[in-house]
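As structure tokens, the structure follows; a few thoughts come after it.
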Amino acid sequence: MTPPTNKIDGIAGASIAIGAPLTGWLTVLDEVPDAVFASRMLGDGVAIDPTGDCLVCPCDGEVSALNASGHAVTIRIAEGAEILMHIGIDTVALAGRGFTPCVRQGDRVKRGDVLIRFDLDAIVQAAPAVVTPVLLLETDHFTLARTRDNGPVKAGDDIFTLTAKAAEAGTPAETATGATLERALLVPLAHGIHARPAARIKEALSGFSASVSIAKAGKAMNARSPVGLLTLGIRLGDEVTISAQGPDAAEALATLGALIDSGMGEKADPASAPKAQPVAQVAAPVAQGTAVLPTDGKLAGVTASPGLAVGQARAFRLPEIQVAPTGQGAAVEQARLEAARAELARRLEAEAAHASGPQKSIIQAHRAMLDDDGLLEAASLSIGDGASAGHAWRTAVRPQAAALRATGDAHLAERADDMLDLERRVLAVLEGVADEPLSFPPGTVLVAEDLLPSQLMALDKENVVGFVVERGGPTSHVAILAASMGLPALVAIGPALHQVADGTDLILDATGCTLHVAPDAATLATARDRLAVITARRAAAKAAAGKPCHTADGVRIEVFANLGSEADAKQAVANGAEGSGLLRTEFLFLERSTAPTVAEQTADYQSIATALEGRPLIVRLLDIGGDKPAPYLPIPAEENPALGLRGIRVGFAYPAMLEDQIRAILSVQPVGQCRIMVPMIAGVDELRRVRAVLDRVRAEMGITDKVELGVMVETPAAAVTADLLAAEADFLSIGTNDLTQYALAMDRGNAAVAGSIDGLHPSVLRLIAQTCQGAARHGKWTGVCGSLASDPLAVPILVGLGVAELSATPAIVPEIKALVSALTLEQARAHAAAALECATAADVRTLARGFSA
Ligand code: PEP
Ligand code: MG
């Protein structure tokens, strides 16, 4: 490489504008995963994560060096400075594959001339990174000043200026960059800036015209791009810099600063920030895995969804959807992309309307990502550069997915699959690839490198008995979906999975974290026998589930289900639930920017009541606040949200909202099918306040039929005063999740104490006993709607303590009914008495494991 010629005298005072050689994402050199570039050993500059496939000349000059393999080029400008552009990292190893130089060394070139064309997809596949350093090779004689913030950039946009050092004085960088306001702050959000806070930031900035960014460790992202913010991996206690530029920059900066400072309902002490969970911890089996099958045929994985399956392997890999790199002009391609996004939005909304539980929230998350400003900007830039809509969408999504994987945070890395899922679905619409259900032969265990959430939802559920994937993580959306579908699954098995041929017998013991490949006949037979016993037990329970539940000695115990949607209600009825002991109404109130109207609420409650075909429906009044913030309720940041404005206290703080909800519940026909339950009661005065509202609204609506009003026992205060509450309530229902958290003073959302929170702790059992006794004194019944009612080890104890109604998750209702029917009350009482005498939760669990009816 020729050393730069010093021609400072000739340009004293002048600045040379340098244009972006690539379309893509402009960032800092620190982001380049190569110490030589990141440490500025070769020179200072910027980096661009390309989304296009063409490197253009950043300024007029001469090609002073062109690497033989065509991946790097240096331009010397007349004033002597040299700019090096190095496409990707370690791309020299590609020996020219994927690079087509369009110039030769010594050529005179003009700004904007094409220097190198390259195959972005091929380089993404083959190289560790495609991020491209753009460097001023020598900094002794020139000063480099950035003129563009990190973010999307189009080839040809000015990115920095060079100023001869002798001419530096009087030309400060700010003159070129304009006034950028900045503020540094520590993030006080318990879970960092995850999807929901990122969406709130976007919403809060919607009225401002200033460009606003958030930077962590030198990497900045458009603050209006939730996906971009996720890639920063911002965690509790991280220091970030927020900056704004534009006419209303000061107001935008103040709004954003106040919003982050507020903690957005998830406030925590930044000093208490836990260490991030490294990716390697989750992916350990992959890291250790070899590409060879072990001699015993047993591969270790991480449980995504427990269970046992026996079947034959089927490789699963959908071919990548092919897209043309170039389009038919920017207007046409932009319109195609918009149409495809609109169509997918419509499909996702329809799917969400029919989904429930985790499936619903995953679909909603994909719907939100579809409107991400960062993705849209990047795609539009590529389209403007000549790319087809499909190519532009793919090249917008991939760097973001790669950035999520690179955050070093296992949970964020798992969200990359959601991005790729969204990529595929948009391309499927654009290219007319049908979303057909994926069918397989009976007894299929899917073997895949990775599986996307929408692919799992599209599987033919009859024939697929489980799946195993090479990559993935236990908290990915695919894992959550598999668990909700009851499909055994192992993730992070590693590359040895490639050795498993189609048709190979497999024993998938997802509970035991093992995939047994090609077991011998005897082992296979034993596993089949085990599976047959489990299946027969489940089938018998399901067959008997239609009958009303009684103990073996004839005591009526109602087995209800907890619901969050109409789909849950249908599943509950199919599984023999005799009603619903808890409808969590929060699903209607969260993830939206305004409160639902009375009519919207009535329609939703009515559809669920109708799906229950006359069975009782206990509707819980809104339990919002604490761990469930609603964006439109300005609940101020609290030191201890679990002890603050939550549950019915929010209803008292927003009386119109409480009244609207009661009005909606009373509008459901037939009147009386819905009972009302009040969350987070601490004393009888609160119950009286709700009853007063209920009576007034009933009178206004002319309703004379009785509508039952019950109390959720979730605080130790409610448990020990159960007799006082039962004197005025129609029923009590114990929320063991919160009762346990408050009894043990352990935050149910805090991973540091998660291992010790157990509802079978003797203190919680004693509070349950006290509640049942208090209710019985006034002839009222006590139910349990917390997760203890879904725990087969807990159920005999609860029945023995006097619980008359168990509200469990819909899927487990048949098992709970079978369990109760096998018990006598006498056995259950003796068992419960022994449990009350245990010293620890572990002792109770040991006792419970040894109990058999
Ligand atoms: C509980 O606290 O046990 C309960 C059922 O309510 P949630 O889990 O919705 O707080
Ligand atoms: Mg609760």
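The values are calculated or read from the model by the stated rules, or taken from the named source; none is laboratory data. No experiment lies behind these values; they were computed from the predicted model shown. Quick reminder, even Gly has a Cβ in these numbers, built from the backbone with ideal geometry, and neighbours come from all protein chains shown. With ligands, DNA and RNA removed, areas are computed over all heavy atoms of the protein, side chains included. Shrake-Rupley method; radii C 1.70, N 1.55, O 1.52, S 1.80 Å.
Some notes on this structure:
- The residue list ILE703, ILE681 contains one member that is under 22 Å from PRO616 (Cβ atoms) and within 16 Å of ligand 1 (Cβ to nearest atom), which is ILE681.
- Criterion applied to ALA699, ALA656, ALA664, ALA642 was being away from ligand 2 (no atom under 16 Å from the Cβ) and at pLDDT below 95, and the one residue passing it is ALA656.
- First in the range 713-735 and over 15 Å from LEU621 (Cβ atoms), second anywhere and within 11 Å of ligand 1 (Cβ to nearest atom) and open to solvent by 10 Å² or more (accessible area, probe 1.4 Å), Cβ under 6 Å, 6 or more apart: THR715/TYR742; PRO716/TYR742
- Considered as a group, the residues in the range 465-475 that are closer than 17 Å to ARG317 by Cβ and open to solvent by 10 Å² or more (accessible area, probe 1.4 Å) include one that is farthest from the chain's Cα centre (by Cα), and that residue is GLU470.
- Residue within the range 600-618 that is at pLDDT 95 or above, surrounded by fewer than 18 Cβ atoms within 10 Å (Cβ to Cβ), farther than 22 Å from ALA561 by Cβ and away from ligand 1 (no atom under 16 Å from the Cβ) present: no
- Residue selected from the range 131-179 under the condition open to solvent by 20 Å² or more (accessible area, probe 1.4 Å) and of a type in the set (Val, Ile, Thr), by the criterion modelled with the lowest pLDDT: THR175
- Of all residues making up the range 749-770, the number that are modelled with pLDDT under 85 and either in contact with an Asp or Glu (Cβ under 7 Å, 6 or more places away or on another chain) or among the hydrophobic types (A, V, I, L, M, F, W, C) (or both): 6
- Residue within the range 639-647 that is in a strand (DSSP E or B), within 14 Å of ligand 1 (Cβ to nearest atom) and closer than 30 Å to PRO270 by Cβ present: no
- Test result for GLY106, assigned to a loop (DSSP other than H, G, I, E, B), buried (at least 21 other Cβ atoms within 10 Å of the Cβ), touching a residue at least 12 places away in the same chain (Cβ under 8 Å) and of a type in the set (Gly, Ala, Ser): no
- Filtered residue count, the range 554-572, keeping only those that are outside any strand (DSSP E or B), of a type outside the set (Ser, Thr, Tyr) and either farther than 23 Å from LEU788 by Cβ or within 16 Å of ligand 1 (Cβ to nearest atom) (or both): 7
- Checklist (1) of a type outside the set (Asp, Glu); (2) touching a Ser or Thr at 6+ places or on another chain (Cβ under 9 Å); (3) open to solvent by 30 Å² or more (accessible area, probe 1.4 Å) applied to LEU788, failing item: (3)
- In the set (1) open to solvent by 10 Å² or more (accessible area, probe 1.4 Å); (2) within 16 Å of ligand 2 (Cβ to nearest atom); (3) touching a Lys or Arg at 6+ places or on another chain (Cβ under 8 Å), the condition left unmet by GLY710 is number (1).
- Of all residues making up the range 654-678, the number that are of a type outside the set (S, T, N, Q) and within 16 Å of ligand 1 (Cβ to nearest atom): 4
- You will find that of LYS780, LYS817, the residue that is away from ligand 1 (no atom under 16 Å from the Cβ), under 29 Å from GLY554 (Cβ atoms), surrounded by 24 or more Cβ atoms within 10 Å (Cβ to Cβ) and charged (D, E, K, R) is LYS817 and no other.
- Residue that is most open to solvent (accessible area, probe 1.4 Å) [pool: residues in the range 570-594 that are over 13 Å from THR809 (Cβ atoms) and touching a Leu at 6+ places or on another chain (Cβ under 8 Å)]: VAL573
- Scan the range 67-112 for residues that are of a type in the set (A, V, I, L, M), at positive phi and in contact with a Phe, Trp or Tyr (Cβ under 6 Å, 6 or more places away or on another chain) and the total you get is 0.
- Tally of residues being under 16 Å from LEU22 (Cα atoms), under 25 Å from the mean Cα position of the chain (by Cα) and among the β-branched types (Val, Ile, Thr) across the range 365-404: 1
- Looking only at residues of the range 728-740 that are open to solvent by 10 Å² or more (accessible area, probe 1.4 Å) and touching a Gly at 6+ places or on another chain (Cβ under 9 Å), we find that the one that is nearest to LEU643 (Cα to Cα) is ASN737.
- Yes/no for PRO810 being in contact with a strand residue (DSSP E or B) (Cβ under 9 Å, 6 or more places away or on another chain), modelled with pLDDT under 90 and not charged (D, E, K, R): yes
- In the range 192-233, the residues that are more than 20 Å from ARG367 (Cα to Cα), open to solvent by 30 Å² or more (accessible area, probe 1.4 Å) and hydroxyl-bearing (Ser, Thr, Tyr): SER209, SER211
- Taking the range 730-748 as the range and being within 10 Å of ligand 2 (Cβ to nearest atom) and at pLDDT below 90 as the test, the residues that pass are ASN737, ARG748.
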